[in-house]
1. Taking the convex hull of the Cα atoms, report for the chain its projected area averaged over all directions, in nm².
2. For region 17-141, what ratio Rg/Rh do Cα atoms give with a Kirkwood hydrodynamic radius?
3. Work out, step by step, the length gained on full extension between ARG84 and VAL147: first 0.36 nm times the residue separation, then minus their alpha carbon distance; give nm to one decimal.
4. Simple spin-label model, 7 Å along Cα-to-Cβ: SER96 to ALA15 in nm?
5. When the Karplus curve 6.51 cos²θ - 1.76 cosθ + 1.60 is applied with θ = phi - 60°, which whole-Hz ³J(HN,Hα) does each residue of region 70-76 get, with x for Gly and Pro?
6. In terms of the Cα gyration tensor, with a ≥ b ≥ c the square roots of its eigenvalues, is region 49-96 rounded because a/c is under 1.5, prolate because a/b exceeds b/c, or oblate?
7. Using only the Cα atoms of region 130-205, build the gyration tensor, take square roots of its eigenvalues as a ≥ b ≥ c, and label the shape rounded, prolate or oblate: rounded if a/c is under 1.5, else prolate if a/b is larger than b/c, else oblate.
8. May I ask for the net charge around SER35, where only other residues with Cβ less than 12 Å from the Cβ of SER35 are counted and Lys, Arg are +1 while Asp, Glu are -1?
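The values are calculated or read from the model by the stated rules, or taken from the named source; none is laboratory data. All of these numbers come straight from a predicted model, not from anything done at the bench. With ideal geometry, Cβ positions are generated from the backbone for all residues, glycine too; neighbour counts draw on all protein chains shown. Just the protein is used for accessible areas: all its heavy atoms, side chains included, with ligands, DNA and RNA removed. Shrake-Rupley method; radii C 1.70, N 1.55, O 1.52, S 1.80 Å.
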Amino acid sequence: MGRIDINREFNKIEAPVVCFDNVSKKYDDNTEALSDVSFNIFKGEFVFVVGDSGSGKSTMIKMILKETVPSSGKVFVIGHDTKRLRRKVVSKFRRSLGVVFQDFRLLKDRDVFENVAFAQRVIEADTESMRQKVTKMLELVGLSDKVRAYPKELSGGQQQKVAMARALVNNPVILLADEPTGNLDPTSSREIMHLLEEINKRGTTVVVVTHNQEIVDKMQKRVIVLNNGRIIRDEAKGGYDGVKNETGIYLP
Ligand code: ADP
């Protein structure tokens, strides 16, 4: 009978890509935006973060990006204690995360190709590999026929797809989406969510902040529910169902 190799067993345990360890955040005016929040997100997970306005969702996203740091507790992202990341490496760290926002944030004076290529130019990728990667990403999001279009010539859903291609072109470990369907009609919203699911199936960890109850219920993914800066629910496969009553307050 073989003995268990402890080191080998230990190495098999994957570290979380995001770890919040007893995190609290008090802003200067004493508002407590997060209170004693702990959770792990592992590589390959798809997680929704939901909660009413003011419940702490943006603060959580900002902490993952190190745009803000905890007042107490620790935040680890892809192995880094964010508080200890030196100023010099913060930009590089942020570039290892893909982010999309409600308002798309595209460059209006550049076409679709250049908007996606922008992320590659920042990391000084060589021209040929950049061209290949941008082309591949635009294929993935279904916009190969819009390469030379400008943002104003695209629908909201198409603009969000460009933003997703840009967020993914540098192959991030985590894709953070902050209300990605907030400005979109139901059909485009469903398309964006399918795309996020596809990206997740290809191995990227996906974290989505949303108010879109219908989509959360339908997709049956992990849901972290925030209320007043606290996690009141963290379910492996859930929805809003049974959480919120007619007052709009999330119930434990
Ligand atoms: P959400 O994204 O769920 O709407 P936020 O993280 O933006 O929640 O806000 C959580 C709480 O922290 C709210 O009470 C909000 O007013 C407060 N807050 C957010 N940012 C700041 C800030 N820069 N200064 C002071 N209070 C803030």
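1. Values: hull surface 70.0 nm².
Computing the convex hull of the Cα atoms and averaging its projections yields 17.5 nm².
2. Values: Rg = 17.2 Å, Rh = 16.7 Å.
Dividing the radius of gyration by the Kirkwood radius yields 1.03.
3. On the way: separation 63, 0.36 × 63 = 22.68 nm, distance 4.03 nm.
Extra length from ARG84 to VAL147 when fully extended: 18.6 nm.
4. 0.9 nm
5. Listing the rounded values in order: x, 6, 8, x, 10, 10, 10 Hz.
6. On the way: a/c = 2.40, a/b = 1.83, b/c = 1.31.
Prolate shape, in that a/c is at least 1.5 and a/b is the bigger ratio.
7. Details: a/c = 1.80, a/b = 1.04, b/c = 1.73.
Oblate shape, in that a/c is at least 1.5 and b/c is the bigger or equal ratio.
8. Numbers: positive: LYS25, LYS26, ARG230; negative: GLU32, ASP36.
Spelling it out: positives minus negatives among the neighbours equals +1.
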